[in-house]
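Here the structure comes first, spelled out in structure tokens, and everything after it is commentary.
The values are calculated or read from the model by the stated rules, or taken from the named source; none is laboratory data. Since this is a predicted model, take the numbers as computed values, not measurements. For neighbour counting, all protein chains shown are included, and Cβ atoms are generated from backbone atoms with ideal geometry for every residue, glycine included. The accessibility values were calculated without ligands, DNA or RNA, using every heavy atom of the protein model including side chains. Shrake-Rupley method; radii C 1.70, N 1.55, O 1.52, S 1.80 Å.
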Amino acid sequence: MSVPPQNSRQPAPNTRATSRAAGIPGVKQVIAVASGKGGVGKTTTAVNLAASLAIAERKTLLIDADPQGNATSGVGIEKAGIERSLYDVLIEGMPAAEAVRPDPQLPFLHVLPATQDLIGAELELVSLEHRETILRKALVQIRNDYDRLVWNGDMGKIVRIDAEEGEVVVRFSEPEGDRDVLYSQDELDELALSYCVSIHKSQGSEYPAVVVPVTTQHYVMLQRNLLYTAVTRARRTVVIIGTKKALAIAVRNASMLQRQTMLALRLREATAASWPDEEQIG
């Protein structure tokens, strides 16, 4: 669980966070709740501590590293609707910011959820180099979310480009007023053109109006959970462009695609390597 520094206001554009914890820039404190013994209250402790910090308006990231995902469901996130999780960050190399989800009830709490895919993560991590630091490096990638109070899917407008200094200023519109955020040249990969944003990218964000193309050409994406996510991103207006046939397919399709991993193959390879050949036995 990572606790970024308390900061209710955006710092001046030319400032930089200097706090350090466990090698993670911009994170004030890292609290690990871990024990080899079951039933000692690890999940209860983590969930209540994270919720308490969030209620105190401390921006908090709760990382659920248990395949059972009880911390994830304990803060109100439905496990059945999780498409990206800690497994994708550790094994697939997904940026952590793409898997982090906002808590549905506490605005200062975000969660990096867990799913049953984590059951095979320990075996899959064996072959990866520097596996001990994968999570720390992943958290470094999302530090700017907390430093700048900018979240995955937020949309802004570039208002200034300083070629000499190699800096870009992006203006984000919020209910309390516009806010300018400074990006240096080596941070520009955190920005992407936003004239069209995918449903996955928009998770956790809301917009005044949303236009959703729904066509049979995107057949594999015609899923009820994706349509629900797209529609609920809008505060006031939703416009669906497409065909009734495609919309009907999406509404009826409540099945989730099965994840394809290399776990079974690696289990067979590991088992074969641990047993002698028949000729050696004979």
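Results, tabulated for the structure shown:
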item: Filtered residues of segment 86-129 (kept if touching a Gly at 6+ places or on another chain (Cβ under 8 Å) and closer than 21 Å to Gln223 by Cα); result: Arg101, Thr115
item: Some residue of segment 218-235 being in a helix (DSSP H, G or I), open to solvent by 70 Å² or more (accessible area, probe 1.4 Å) and at pLDDT below 80; result: no
item: Residues satisfying the stated conditions in segment 194-209, i.e. within 17 Å of Ala97 (Cα to Cα) and not hydroxyl-bearing (Ser, Thr, Tyr); result: Val197, Ile199, His200, Lys201, Gln203, Gly204, Glu206
item: Yes/no for Ala51 being touching a strand residue (DSSP E or B) at 6+ places or on another chain (Cβ under 9 Å) and modelled with pLDDT of 90 or more; result: yes
item: Some residue of segment 99-117 being in a loop (DSSP other than H, G, I, E, B), of a type in the set (Val, Ile, Thr) and either modelled with pLDDT of 85 or more or within 30 Å of Arg171 (Cα to Cα) (or both); result: yes
item: First in segment 166-190 and over 22 Å from Ala96 (Cβ atoms), second anywhere and open to solvent by 90 Å² or more (accessible area, probe 1.4 Å) and in a helix (DSSP H, G or I), Cβ under 9 Å, 6 or more apart; result: Gly166/Gln185; Gly166/Asp186; Glu167/Gln185; Val168/Gln185
item: Criterion (closer than 15 Å to Asp154 by Cα, outside any helix (DSSP H, G or I) and modelled with pLDDT under 80) met by exactly one of Ala209, Ala192; result: Ala192
item: Considering residues of segment 214-244 that are of a type in the set (A, V, I, L, M) and touching a Pro at 6+ places or on another chain (Cβ under 9 Å) only, the residue farthest from Arg101 (Cα to Cα); result: Ile241
item: Hits in segment 263-282 (condition: modelled with pLDDT of 70 or more and open to solvent by 100 Å² or more (accessible area, probe 1.4 Å)); result: Arg268, Glu269
item: Odd one out for Gly156, checked against (1) closer than 26 Å to Thr237 by Cβ; (2) more than 23 Å from the chain's Cα centre (by Cα); (3) at pLDDT below 85; result: (2)
item: Residue satisfying all of: in segment 71-81; closer than 24 Å to Ala254 by Cβ and of a type outside the set (Asp, Glu); surrounded by the fewest Cβ atoms within 10 Å (Cβ to Cβ) among these; result: Ala80
item: Among (1) modelled with pLDDT under 80; (2) among the β-branched types (Val, Ile, Thr); (3) open to solvent by less than 60 Å² (accessible area, probe 1.4 Å) - the single one Val126 does not satisfy; result: (3)
item: Within segment 26-52, tally of residues that are closer than 21 Å to Arg136 by Cα and surrounded by 12 or more Cβ atoms within 10 Å (Cβ to Cβ); result: 13
item: Test: residue in segment 55-64 that is surrounded by fewer than 20 Cβ atoms within 10 Å (Cβ to Cβ), at pLDDT 80 or above, touching a Leu at 6+ places or on another chain (Cβ under 9 Å) and not in a loop (DSSP other than H, G, I, E, B); result: yes
